[in-house]
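The values are calculated or read from the model by the stated rules, or taken from the named source; none is laboratory data. Because the structure is predicted, anything quoted here is derived from the model rather than measured. For neighbour counting, all protein chains shown are included, and Cβ atoms are generated from backbone atoms with ideal geometry for every residue, glycine included. Ligands, DNA and RNA are stripped out before the accessible areas are found, and what is left, the full protein with its side chains, is counted by its heavy atoms. Shrake-Rupley method; radii C 1.70, N 1.55, O 1.52, S 1.80 Å.
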Amino acid sequence: QEQLVESGGGLVQAGGSLRLSCAASGRTFSTKTMGWFRQAPGKEREFVAALSWSGGASYYAGSVKGRFTISRDNAKNTVYLQMNSLKPEDTAVYSCAAAVRSLNPTIGENYDSWGQGTQVTVSS
């Protein structure tokens with residue numbers, strides 16, 4: 001069983017930056033893909049970014065491309081989401097997820113483990 005714990009959420013002004021962390025523990029050797037998703041009140045969960053653990057290939061939603069960067073620290077079994085030029089519409093609960101199969105990384109149903117989520121609020 002793999003456990004994921006997010007941290008780094010908080011309140012930031014528009015145009016500011018924030019870095020989210022997702023620490024993985026347990027059976028991390030089975031992980032092939034790590035992803036970030038977000039959900040705002042009244043909206044469906046949406047894909048944000050993903051990273052292929054073995055090859056390092058990254059994927060981004062069009063709404064965050066050029067502003068967000070996903071990265072990893074192998075020694076710490078941690079994946080990060082660096083968020084720059086934040087906008088009020090980025091406000092949401094951000095969750096990280098791990099998948100043991102190499103399926104479409106933009107689909108939440110393809111992931112096997114999820115963190116509890118961390119709140120990100122961007123003020124005007």
For the chain, what % of the accessible area comes from carbon and sulfur atoms, probe 1.4 Å?
-> 47 percent
Burial ranking of peptide ranges 17-28, 53-64 (average Cβ count within 10 Å, highest at the top) | 17-28, 53-64
Among V64, V120, L103, the residue whose Cα sits farthest towards the positive end of the charge dipole of segment 47-124 (+1 at Cβ of Lys and Arg, -1 at Cβ of Asp and Glu, taken about the Cα centre) is V64
May I ask for the distance between the Cα centers of segment 1-57 and segment 85-124, given as a whole number of Å?
-> 5 Å
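Computed FRET efficiency, Cβ-Cβ of R101 and R67, R0 35 Å: what is it to the nearest 0.05?
Values: r = 29 Å, r/R0 = 0.82.
Between R101 and R67 the formula returns 0.75.
Determine the dipole magnitude for segment 1-74: charges of +1 sit on the beta-carbon of Lys and Arg, -1 on that of Asp and Glu, nothing else is charged, the reference point is the Cα centre, and the result goes in debye to the nearest 20.
Details: 9 positive and 5 negative charges, 29 e Å.
The calculation lands at about 140 debye.
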Around N84: net Lys/Arg minus Asp/Glu count, Cβ-Cβ under 10 Å | +2
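Would you work out the charge dipole size for the chain about its Cα centre, treating the Cβ of every Lys and Arg as +1 and the Cβ of every Asp and Glu as -1, and quote it to the nearest 20 debye?
Working: 12 positive and 9 negative charges, 47 e Å.
Roughly 220 debye, rounded to the nearest 20.
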Candidate lysines for bridging to K76, where Cα separation is under 25 Å - those fewer than 8 sequence places away on the same chain excluded | K32
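Using a 1.4 angstrom probe, figure out how much accessible area the chain has per residue, in square angstrom, rounded to the nearest whole. Can you show the working numbers first?
On the way: 6430 Å² over 124 residues.
Here the per-residue accessible area is 52 Å².
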If each of S54 and Q13 carries a label point 7 Å out from its Cα toward its Cβ, how far apart are those two points in nm?
-> 4.6 nm
Relative packing of peptides 89-100, 74-85 - highest average C-beta neighbours within 10 Å first | 89-100, 74-85
